[in-house]
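Everything below concerns the one structure shown next.
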Ligand code: C2E
Ligand code: MG
Ligand code: MG
Ligand code: MG
């Protein structure tokens, strides 16, 4: 009878296992499938969109490159849906290299045009990418292969990177900076980075996270955080840019607090190059130094 009971327990166990298995199996299969699709999509199905960055006078000072995945069946896929997968699978490395190279190509083209020469181009760099031993060389190669001006290139990294080997991160940043490349801390304010770290880091720009900017008008504590970041930037002598600026009120509040670099739907959405070019010719944009 003990044996019979054992068999029954095993049976139940197996059923449970089977039950969990199916969900997990499905999730895994979907992930594996998406990963295979993504692997195959690099770089042919990747598209770069550009979102303008403006100053307090409303003049164009630069743009941020934002990647999209143009899947032949699924259409345009947002990076929120594939960057995490790309990170986890390591695909972010070839993808990131392609993005960097393509961004530098664009930067070099703008430099041929007197009106666009001064624009800066911000490129998002994922932590895994930044931490590669030869990252600095990859950036230098992209610059020299395309002829882009290093001082117009801005690399956006997130605060989470600072929780890794800070000494190495600082060394990489310092090396990049020695070539004139600029560094921006993206999603700033969400990562609890210590102020003493910040003082040591060769950072050129703090990018206020859009979660604070979006509720600036309605949430006093978010407004206080925004004010603090602007003051911090001023005392460290680094540029501050606000992302996710969606309304005129938000822009005016930011200006009143001393922020004079903006990016957000109020001004323009991220768009393909063709549209961007149409946008700035229609807006009568006179780009100027960032
Ligand atoms: P991020 O770098 O913080 O980029 C800002 C995101 O906010 C973009 O989303 C942009 O379209 C969106 N945004 C800009 N203005 C507004 C606004 O006024 N309101 C709202 N609601 N949203 C606004 P996107 O393009 O979907 O990118 C999401 C994230 O994916 C990026 O956040 C970045 O972390 C990552 N990402 C995008 N492109 C790349 C890339 O080339 N490489 C890497 N490593 N990551 C990337
Ligand atoms: Mg960014
Ligand atoms: Mg951000
Ligand atoms: Mg982000």
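Computed quantities for the displayed model
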item: First in the stretch 54-79 and free of Cβ contacts under 8 Å to residues at least 40 places away in the same chain and more than 16 Å from residue 244 (Cα to Cα), second anywhere and assigned to a loop (DSSP other than H, G, I, E, B) and away from ligand 2 (no atom under 12 Å from the Cβ), Cβ under 6 Å, 6 or more apart; result: 69/45; 70/45
item: Condition met for residue 214 (out of contact with any strand residue (DSSP E or B) (no Cβ under 9 Å at 6 or more places or on another chain), free of Cβ contacts under 8 Å to residues at least 60 places away in the same chain and within 13 Å of ligand 3 (Cβ to nearest atom)); result: yes
item: Every pair of residues 6+ apart whose Cβ atoms lie under 7 Å, when the first sits in the stretch 124-147 and is farther than 15 Å from residue 158 by Cβ and in contact (Cβ under 8 Å) with a residue 12 or more places away in the chain while the second is assigned to a loop (DSSP other than H, G, I, E, B) and away from ligand 4 (no atom under 16 Å from the Cβ); result: 139/181; 140/179
item: So residue 239, is it more than 15 Å from ligand 1 (Cβ to nearest atom) and surrounded by 14 or more Cβ atoms within 10 Å (Cβ to Cβ); result: yes
item: Candidate set from the stretch 131-158 (those that are within 16 Å of ligand 4 (Cβ to nearest atom) and touching a strand residue (DSSP E or B) at 6+ places or on another chain (Cβ under 6 Å)); member that is farthest from residue 183 (Cα to Cα); result: 158
item: Leading residue by the ranking (farthest from residue 141 (Cα to Cα)) among those in the stretch 159-178 that are touching a strand residue (DSSP E or B) at 6+ places or on another chain (Cβ under 9 Å) and away from ligand 3 (no atom under 16 Å from the Cβ); result: 169
item: Only one of 209, 204 that is more than 21 Å from residue 265 (Cα to Cα), at pLDDT 95 or above and touching a strand residue (DSSP E or B) at 6+ places or on another chain (Cβ under 8 Å); result: 204
item: Any hit, the stretch 259-271, residues being away from ligand 4 (no atom under 16 Å from the Cβ) and out of contact with any strand residue (DSSP E or B) (no Cβ under 9 Å at 6 or more places or on another chain); result: yes
item: Residue match in the stretch 145-158 (condition: more than 16 Å from ligand 2 (Cβ to nearest atom) and farther than 18 Å from residue 119 by Cα); result: yes
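Each row is one residue, and each column tells you yes or no for (1) farther than 16 Å from residue 191 by Cβ; (2) under 23 Å from the mean Cα position of the chain (by Cα); (3) away from ligand 3 (no atom under 13 Å from the Cβ).
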residue: 224; (1), (2), (3): yes, no, yes
residue: 232; (1), (2), (3): no, yes, yes
residue: 239; (1), (2), (3): yes, yes, yes
residue: 249; (1), (2), (3): yes, no, yes
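For every residue, the table says whether it meets (1) modelled with pLDDT of 95 or more; (2) within 16 Å of ligand 1 (Cβ to nearest atom).
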| site | (1), (2) |
| --- | --- |
| 116 | no, no |
| 127 | no, yes |
| 140 | yes, no |
| 155 | yes, yes |
| 175 | yes, no |
| 184 | yes, yes |
| 190 | no, yes |
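The values are calculated or read from the model by the stated rules, or taken from the named source; none is laboratory data. Keep in mind it's a predicted model, so treat the numbers as computed, not measured. Note that each Cβ is placed from the backbone with ideal geometry, even for glycine, and that neighbours are counted across all protein chains shown.
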